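Structure first, then comments.
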């Protein structure tokens, strides 16, 4: 794994999480570079980027340092459940899943 892969800086924490979670560095980079979605993170100035790969959603936390260089802070993945690839909480009850499905269907 490369600390400067893709022209961004990867923290030791992010590289460790990639190894522990079996996520390819290139998939995490694509998630950051071309996300399906993003939102502000709980850490000031950081963003969470999401991208779906098959039945898995990769999430990358990144921010810019004082020199305006992008830094990847952490990476993780979540399995997607259901054919429509909406994310259901692990351990969610039947009623919650039915409600999530119904609301998603109504939004179409």
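Rule-based calculations on the coordinates, nothing more; no lab input. What you are looking at is a predicted structure, and each value in this text was computed from that prediction instead of being measured. Cβ placement follows ideal geometry from the backbone for every residue including glycine, while neighbour counts extend to all protein chains displayed.
State the number of residues belonging to the range 1-22 that are touching a helix residue (DSSP H, G or I) at 6+ places or on another chain (Cβ under 6 Å) and not in a helix (DSSP H, G or I). Full working, then the answer.
Within the range 1-22, the subset touching a helix residue (DSSP H, G or I) at 6+ places or on another chain (Cβ under 6 Å) is 1, 5-6, 18.
This time we only want the ones that are not in a helix (DSSP H, G or I), so: 1.
So the count comes out to 1.
What residue, among those in the range 23-42 that are in a helix (DSSP H, G or I) and closer than 16 Å to residue 54 by Cα, is farthest from the chain's Cα centre (by Cα)?
26
Just give me the residues in the range 12-33 being in contact with a strand residue (DSSP E or B) (Cβ under 7 Å, 6 or more places away or on another chain), surrounded by fewer than 16 Cβ atoms within 10 Å (Cβ to Cβ) and closer than 16 Å to residue 71 by Cα, in sequence order. If you could, list the steps in order and put the result at the bottom.
Step one: list which residues in the range 12-33 are in contact with a strand residue (DSSP E or B) (Cβ under 7 Å, 6 or more places away or on another chain), which gives 13-14, 17-18, 21, 23, 27-28, 30-32.
Of the ones still in play, those that are also surrounded by fewer than 16 Cβ atoms within 10 Å (Cβ to Cβ) are 13, 21.
13, the sole residue that qualifies.
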